[in-house]
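As structure tokens, the structure follows; a few thoughts come after it.
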Amino acid sequence: MIVLDKIYKSYGKNKNILQGLSLKIEPSNIISFVSPNGCGKTTLLIILSNLIYYDKGNIKSTNEYKAVALIEEPIFYHHLTGFQNLAYLLEKSEIHKVYELINLFQMKNFINNKVSIYSLGMKQRLALCYLFSVRANLVLLDEPMSALDPIEYE
């Protein structure tokens, strides 16, 4: 379990984003944050992925957690194919999972193309394939379906 207790985060003097946020994240739960733009959802995910620090408050975990995150646009090596990116990023023990996920995310037709020609939706699917291949006990997704066509995630 991860417990956030009165978390505060601001950017500059007048840009208060999180103001005393408290939250418990239980293992194996799926949590969705639905709120207006600019209220701190992405900031919270970035804090949970340990990419930025919060200003005040406490975050405690009953166990150490490994977070993987898809926040905003995924970034890959454009000169490599999708499969080469996955092979580079994943440990050898994790690569076997990729083949099943390539089928699940309907990537067979473009996985061997260079990422430089991928649309944002194709990059999003490649990122999801990566995230679900690694061993992590916290997966953070910031608008994971924003670039996917509706028919693709039915």
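If only one of 26, 72, 64 is under 30 Å from residue 9 (Cβ atoms), acidic (Asp, Glu) and in contact with a helix residue (DSSP H, G or I) (Cβ under 9 Å, 6 or more places away or on another chain), which one is it? Even if it seems obvious, please write down each step before you answer.
On the way: 26 fails: in contact with a helix residue (DSSP H, G or I) (Cβ under 9 Å, 6 or more places away or on another chain); 64 fails: in contact with a helix residue (DSSP H, G or I) (Cβ under 9 Å, 6 or more places away or on another chain).
Matching residue, one of 26, 72, 64: 72.
Does at least one position in the stretch 73-84 carry a residue that is on the phi > 0 side of the Ramachandran plot and out of contact with any strand residue (DSSP E or B) (no Cβ under 9 Å at 6 or more places or on another chain)? It would help to see each step written out before you state the result.
Taking the stretch 73-84 and keeping what is on the phi > 0 side of the Ramachandran plot, we get none.
No: the stretch 73-84 contains no residue that is on the phi > 0 side of the Ramachandran plot and out of contact with any strand residue (DSSP E or B) (no Cβ under 9 Å at 6 or more places or on another chain).
I'd like to check something: does the stretch 89-100 contain any residue that is of a type in the set (A, V, I, L, M, F, W, C), touching a strand residue (DSSP E or B) at 6+ places or on another chain (Cβ under 8 Å) and not in a strand (DSSP E or B)? Explain how you work it out, then say what you get.
First pass over the stretch 89-100, keeping only residues of a type in the set (A, V, I, L, M, F, W, C): 89-90, 95, 98.
So of that shortlist, the ones also touching a strand residue (DSSP E or B) at 6+ places or on another chain (Cβ under 8 Å) come out as none.
No, the stretch 89-100 contains no residue that is of a type in the set (A, V, I, L, M, F, W, C), touching a strand residue (DSSP E or B) at 6+ places or on another chain (Cβ under 8 Å) and not in a strand (DSSP E or B).
Residue check: is residue 94 surrounded by 14 or more Cβ atoms within 10 Å (Cβ to Cβ) and either not assigned by TED's automatic domain parsing to the domain that holds residue 49 or not acidic (Asp, Glu) (or both)? Show your work before the answer.
On the way: surrounded by 14 or more Cβ atoms within 10 Å (Cβ to Cβ): yes; either not assigned by TED's automatic domain parsing to the domain that holds residue 49 or not acidic (Asp, Glu) (or both): yes.
Spelling it out, residue 94 is indeed surrounded by 14 or more Cβ atoms within 10 Å (Cβ to Cβ) and either not assigned by TED's automatic domain parsing to the domain that holds residue 49 or not acidic (Asp, Glu) (or both).
Pick from the stretch 58-74 the residues that are outside any loop (DSSP other than H, G, I, E, B), surrounded by fewer than 17 Cβ atoms within 10 Å (Cβ to Cβ) and of a type outside the set (D, E, K, R): which of them is nearest to the chain's Cα centre (by Cα)? Quick ask: steps written out before the conclusion?
Of all residues in the stretch 58-74, those outside any loop (DSSP other than H, G, I, E, B) come to 58-61, 67-70.
Within this subset, residues satisfying the condition of being surrounded by fewer than 17 Cβ atoms within 10 Å (Cβ to Cβ) are 58-61, 67.
The next check asks that each one be of a type outside the set (D, E, K, R); those that pass are 58-59, 61, 67.
Numbers: 58: 22, 59: 19, 61: 19, 67: 8 Å.
Among them, the one singled out is 67.
Kindly check whether there is at least one residue in the stretch 26-40 that is free of Cβ contacts under 8 Å to residues at least 40 places away in the same chain, part of a helix (DSSP H, G or I) and surrounded by fewer than 11 Cβ atoms within 10 Å (Cβ to Cβ).
Checked against the condition, which is being free of Cβ contacts under 8 Å to residues at least 40 places away in the same chain, part of a helix (DSSP H, G or I) and surrounded by fewer than 11 Cβ atoms within 10 Å (Cβ to Cβ), the stretch 26-40 yields no hits at all.
Just checking, how many residues over the stretch 107-116 are outside any loop (DSSP other than H, G, I, E, B) and farther than 10 Å from residue 82 by Cβ?
Quick first cut of the stretch 107-116, residues outside any loop (DSSP other than H, G, I, E, B) only: 114-116.
Checking the rest, the ones that are also farther than 10 Å from residue 82 by Cβ come to 116.
The number of residues fulfilling the criteria is 1.
One line per residue, one yes/no per condition, for (1) closer than 19 Å to residue 146 by Cα; (2) exposed (fewer than 14 other Cβ atoms within 10 Å of the Cβ):
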{"site": "83", "(1), (2)": "no, no"}
{"site": "86", "(1), (2)": "no, no"}
{"site": "89", "(1), (2)": "no, no"}
{"site": "108", "(1), (2)": "no, yes"}
{"site": "111", "(1), (2)": "no, no"}
{"site": "114", "(1), (2)": "no, no"}
{"site": "119", "(1), (2)": "yes, yes"}
{"site": "133", "(1), (2)": "no, no"}
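Among what's in the stretch 75-94 and is among the polar types (S, T, N, Q) and without any contact (Cβ under 8 Å) to a residue 40 or more places away in the chain, pick the residue that is farthest from residue 121 (Cα to Cα).
First pass over the stretch 75-94, keeping only residues among the polar types (S, T, N, Q): 81, 84-85, 93.
Now narrow it down to the ones that are without any contact (Cβ under 8 Å) to a residue 40 or more places away in the chain: 81, 84, 93.
Details: 81: 15, 84: 18, 93: 27 Å.
Among those that are among the polar types (S, T, N, Q) and without any contact (Cβ under 8 Å) to a residue 40 or more places away in the chain, it is 93.
Could you grab the pairs with beta carbons closer than 9 Å, sequence gap of 6+ or different chains, first residue in the stretch 127-144 and on the phi > 0 side of the Ramachandran plot, second one among the polar types (S, T, N, Q) and not in a loop (DSSP other than H, G, I, E, B)?
Hits for this filter: 143/42.
Go through (1) loosely packed, with under 15 Cβ neighbours inside 10 Å; (2) modelled with pLDDT of 90 or more; (3) not assigned by TED's automatic domain parsing to the domain that holds residue 133 and name the single condition residue 77 misses.
Going through the list (1) loosely packed, with under 15 Cβ neighbours inside 10 Å; (2) modelled with pLDDT of 90 or more; (3) not assigned by TED's automatic domain parsing to the domain that holds residue 133, residue 77 breaks only (3).
The values are calculated or read from the model by the stated rules, or taken from the named source; none is laboratory data. The structure presented is a predicted model; accordingly, all values stated were derived computationally and were not measured. Virtual Cβ from ideal backbone geometry, glycine too; neighbours counted across all protein chains shown.
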